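The values are calculated or read from the model by the stated rules, or taken from the named source; none is laboratory data. Just so it is clear, the model here is predicted, and its values are computed rather than measured. Heads up, the Cβs are rebuilt from the backbone with ideal geometry, glycines too, and the neighbour counts pull from every protein chain shown.
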Amino acid sequence: MFEGLSPALILVASALLTGLLKNRLRDGLVLLAPLLTLWAIWQVPDGVVATVGFLDYQIEPVEGSALRRLFATIFAIMAFAGGLYAFRQAKWYELAAAQAYAAGAIGVCFAGDLITLFIYWEMMALFSTIIVWCGGTAGAKAAGVRYAIMHLLGGIILKVGIEGVVVHTGSIQIQPMLASNFDTWMILIGILINAAAPPVSAWLADAYPESSPTGSVFLSAFTTKTAVLALILLFPGEPVLIWVGLYMVMYGIIYALLENDARRILAYSIVNQVGFMVCAVGIGTQMAINGAAAHAFAHIIYKALLFMSAGVVIYRTGKSKCTDLGGLFRTMPVTTICGIIGALAISGFPLTSGFVTKTMTSQAAINESLAVVYFLLAAASAGVFLHAGIKFPWFVFFQKDSGMRPKDAPWNMAAAMVLLSAICIFIGVFPASFYELLPYPVEYQAYTTAKVLFYLQLLLFSGLAFFLLLPLMKRTETVSLDTDWLWRVLLFGWAKRTYNVASLVGAKIDSSVKSSLNRLQSRAQSYFDPSAENQRKDSKYFFSKAQPIGQTALWIAVLLTGYVLAYYL
Amino acid sequence: MTDSQKDSWLVRPSSIRLMWIIFIVILALTVGAQFFVKIKGYFGIDAWFGFGAAYGFLACLAMVIVAKLLGFVLKRSEQYYDAGDDDV
């Protein structure tokens, strides 16, 4: 009887109930709803499960496939792990928004048509904005507004594209397309905005680090990865994505190297990691799509893990800048070790999930003889170790003694981190069982001696470079300009100047109108004086003076004569 | 630090020296292992002896330097965006 209902609706219901329940019941709901969703996800068979008539369209709210279930699975796991991490610390409305946000992401996974996809897409935009606002600071409020503008704009562009495709082809099906005309370009751009692609990558590092320590864990997981899924479903093998992806990879590294805020470093590295996936979608072979999907799965786990360890540090110390942190390993062993596991996984160290997923994309580049892509991805792997693999744990947990001796993570936060660390290592050690979940059959051997040796050389010598170049990477208390400078400063400056000029002109017009009205009034007053005393004394007020009746009769006679004459002439 | 004996083992100068030695030995081993394990490479150049090591190191060097140079252009004080926010 539930066939036509998307598994996402379980989380929608629990998001609604979260506000109504209290204490233990709410805790139980936040933890159980994602598990129930996970079960429901694995009940969805392949193909379109149900169709519903909506206006003149056949909506397909639930369509299953291995790829869709894979993404939905990781989103449900994240809803659970994030819930476990947050349920004792976060506000109830943040928990509710997070569940609705996860529901949007899972809804996108099973959307069989563009209309359903768009509705869940907007749901994500809405509730992720609320999570940014849950940061509670003035900075979070402003960043949330900028975030909302960017995502609503992206939504409109996506909508324009969808409308165009529907009008011109008559089909609302989700099927592979190429960016060949205006409509498909609009869809591609709308999706890429959510993937934090250039030139608007800045929204991600602007908004995520402003959220609460628990909020950033949810934010890191859903929006960019649903965009990757949408790219896989709609634009596999679109060549432009290779270069968009490579740009994102390099952008993430460079900006992360410049950054001082621990969570902002992690935010830039999301762009970097999503770049690997976008590039893989652009290559578009079965191996590459497997690589993109596998990497998205692994990435969500280790990136959430990294945000969790950064979140514990912020929760315990209230500080997030590298210049304020350091030496925390002494009193935060669990957070340090879990953070390091996440850092090794993102760097793709052998025996971690990053190694068995990232190298699939490289292998796909090799299979297609894309030498430049392969070497750039290899350089980027080294760069990931540099900016996230060592830089993040080094500056937060080691570096110098900041003098702070905060307590380690609360038990639920520690449990969530240990769970995700275990998944990172499990996938890295037993890749075969993970590969079975991928959309295409995998004929790929992750562990060959030569490959392990090559990556060990690459990564360990990156580590050497890090410690030798440390003087060049001294943290400074600065922010880095990005393309968002164009609208946050330049455009805003113009708008402000236009506003000022307009208000100046407006004031001028106002005052001149007022003064001429005044003049008119005093002029009129010279003929009609309102006060009765003046009437008698002063003869200047012509129209208010008493006139002799004979004179009036004479004037009437003259006027009437004039009228009669005019009538007959 | 005066009471370095009391602080964590990890930050004592003697252990830092030891870790550097271990690290350098591991680095040498990963390159040296290429005498025994043949990396056949896919594009010719990546089969060279110690290619991974040199490429990893140089790539990082290049990225750090590019970031450093871009930093001169892009870095602003943390209050940069706050300055004009509260007017309108």
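Hey, does the range A:108-122 have a residue that's at pLDDT 95 or above and farther than 23 Å from residue A:235 by Cα?
no
Just the residues that are in contact (Cβ under 8 Å) with a residue 12 or more places away in the chain and at the interface with chain A (Cβ under 7 Å from one of its Cβ atoms), please, taken from the range B:35-49.
Hit for the range B:35-49 is B:39, nothing else.
Return yes when residue A:371 is of a type in the set (A, V, I, L, M) and in contact with a Leu (Cβ under 6 Å, 6 or more places away or on another chain) and no when it is not.
Numbers: of a type in the set (A, V, I, L, M): yes; in contact with a Leu (Cβ under 6 Å, 6 or more places away or on another chain): no.
Considered against the rule, which asks whether it is of a type in the set (A, V, I, L, M) and in contact with a Leu (Cβ under 6 Å, 6 or more places away or on another chain), residue A:371 comes out as no.
When the range A:366-383 is examined, which residues are found to be surrounded by fewer than 17 Cβ atoms within 10 Å (Cβ to Cβ) and not in a helix (DSSP H, G or I)?
A:368, A:369
Can you tell me which of A:176, A:213 is more than 23 Å from residue A:233 (Cα to Cα) and part of a loop (DSSP other than H, G, I, E, B)?
A:213
With respect to the numbered conditions (1) within 12 Å of another protein chain (Cβ to nearest Cβ); (2) out of contact with any helix residue (DSSP H, G or I) (no Cβ under 6 Å at 6 or more places or on another chain); (3) among the hydrophobic types (A, V, I, L, M, F, W, C), which one is the sole condition not fulfilled by residue A:337?
(1)
Criterion first (within 22 Å of residue A:478 (Cα to Cα), of a type in the set (A, V, I, L, M) and within 8 Å of chain A (Cβ to nearest Cβ)) does residue B:27 satisfy it? Reasoning before the result, please.
Values: within 22 Å of residue A:478 (Cα to Cα): no; of a type in the set (A, V, I, L, M): yes; within 8 Å of chain A (Cβ to nearest Cβ): yes.
Taking the combined requirement at face value, the residue does not satisfy it.
Any idea how many residues of the range A:70-94 are more than 21 Å from residue A:334 (Cα to Cα), assigned to a helix (DSSP H, G or I) and not β-branched (Val, Ile, Thr)?
Number satisfying all stated conditions: 9.
For the range A:11-41, which positions are of a type in the set (Val, Ile, Thr) and more than 15 Å from residue A:78 (Cα to Cα)? Spell out the reasoning first.
Let us first name the residues in the range A:11-41 that are of a type in the set (Val, Ile, Thr), namely A:12, A:18, A:30, A:37, A:41.
A:12, A:18 - these are the residues of the range A:11-41 that are of a type in the set (Val, Ile, Thr) and more than 15 Å from residue A:78 (Cα to Cα).
Considering only residues that are more than 7 Å from chain B (Cβ to nearest Cβ) and surrounded by 13 or more Cβ atoms within 10 Å (Cβ to Cβ), look in the range A:467-482 and name the one that is farthest from residue A:201 (Cα to Cα).
Let us first name the residues in the range A:467-482 that are more than 7 Å from chain B (Cβ to nearest Cβ), namely A:467-468, A:470-471, A:474-475, A:482.
In the following step, the residues that additionally are surrounded by 13 or more Cβ atoms within 10 Å (Cβ to Cβ) were identified as A:468, A:470, A:475, A:482.
Working: A:468: 30, A:470: 27, A:475: 22, A:482: 9 Å.
The selected residue is A:468.
Does residue A:339 satisfy the condition of being in a helix (DSSP H, G or I), in contact with a Ser or Thr (Cβ under 7 Å, 6 or more places away or on another chain), under 19 Å from residue A:460 (Cα atoms) and at pLDDT 90 or above?
On the way: in a helix (DSSP H, G or I): yes; in contact with a Ser or Thr (Cβ under 7 Å, 6 or more places away or on another chain): yes; under 19 Å from residue A:460 (Cα atoms): yes; at pLDDT 90 or above: yes.
Yes.
Among the candidates A:204, A:219, single out the residue that is within 18 Å of residue A:246 (Cβ to Cβ), touching a residue at least 40 places away in the same chain (Cβ under 8 Å), surrounded by 24 or more Cβ atoms within 10 Å (Cβ to Cβ) and in the same structural domain as residue A:95 (by TED's automatic domain parsing). Break it down stepwise before answering.
On the way: A:219 fails: within 18 Å of residue A:246 (Cβ to Cβ).
Just one listed residue meets the conditions, A:204.
Can you say whether residue A:351 is within 25 Å of residue A:74 (Cα to Cα), away from chain B (no Cβ under 14 Å) and part of a loop (DSSP other than H, G, I, E, B), as far as the supplied structure shows?
Spelling it out, residue A:351 is indeed within 25 Å of residue A:74 (Cα to Cα), away from chain B (no Cβ under 14 Å) and part of a loop (DSSP other than H, G, I, E, B).
For the range A:375-383, state whether one or more residues are touching a residue at least 40 places away in the same chain (Cβ under 8 Å), farther than 30 Å from residue A:285 by Cβ and not aromatic (Phe, Trp, Tyr). Show your work before the answer.
Taking the range A:375-383 and keeping what is touching a residue at least 40 places away in the same chain (Cβ under 8 Å), we get A:376-378, A:380-383.
Restricting the remaining residues to those that are farther than 30 Å from residue A:285 by Cβ gives none.
No, every residue in the range A:375-383 fails to be touching a residue at least 40 places away in the same chain (Cβ under 8 Å), farther than 30 Å from residue A:285 by Cβ and not aromatic (Phe, Trp, Tyr).
For residue A:85, are the conditions met, namely being more than 23 Å from residue A:25 (Cα to Cα) and either under 17 Å from the mean Cα position of the chain (by Cα) or buried (at least 21 other Cβ atoms within 10 Å of the Cβ) (or both)? Explain how you work it out, then say what you get.
Numbers: more than 23 Å from residue A:25 (Cα to Cα): no; either under 17 Å from the mean Cα position of the chain (by Cα) or buried (at least 21 other Cβ atoms within 10 Å of the Cβ) (or both): yes.
No: the conditions fail for residue A:85.
What tally of residues in the range A:349-367 results from selecting those that are closer than 14 Å to residue A:429 by Cβ and in contact with a Ser or Thr (Cβ under 8 Å, 6 or more places away or on another chain)?
Narrowing the range A:349-367 to residues closer than 14 Å to residue A:429 by Cβ: A:349-357.
With in contact with a Ser or Thr (Cβ under 8 Å, 6 or more places away or on another chain) added as a condition, the list becomes A:354.
Summing the residues that are closer than 14 Å to residue A:429 by Cβ and in contact with a Ser or Thr (Cβ under 8 Å, 6 or more places away or on another chain) in the range A:349-367 gives 1.
How many residues are facing chain A (nearest Cβ under 7 Å) and either not in a helix (DSSP H, G or I) or not hydrophobic (A, V, I, L, M, F, W, C) (or both) if we restrict to the range B:51-81?
The first filter runs over the range B:51-81 and keeps only residues facing chain A (nearest Cβ under 7 Å), leaving B:52-53, B:55-57, B:59-61, B:63-64, B:66-68, B:70-71, B:74-78, B:80-81.
Now restrict to residues that are either not in a helix (DSSP H, G or I) or not hydrophobic (A, V, I, L, M, F, W, C) (or both): B:52, B:55-56, B:68, B:71, B:75-78, B:80-81.
Matching residues across the range B:51-81 total 11.
Within the range A:314-327, does at least one residue satisfy the condition of being under 26 Å from residue A:426 (Cα atoms) and not β-branched (Val, Ile, Thr)?
Start the filter on the range A:314-327 by keeping residues that are under 26 Å from residue A:426 (Cα atoms), which leaves none.
Checking the range A:314-327: not a single residue is under 26 Å from residue A:426 (Cα atoms) and not β-branched (Val, Ile, Thr).
List the helices (runs of 4 or more DSSP H) inside the range A:421-532, counting only whole elements, that have at least 1 residues being of a type in the set (Val, Ile, Thr), modelled with pLDDT of 90 or more and under 19 Å from residue A:381 (Cα atoms).
Values: elements: A:431-435, A:449-468, A:492-527.
Answer list for the range A:421-532: A:449-468.
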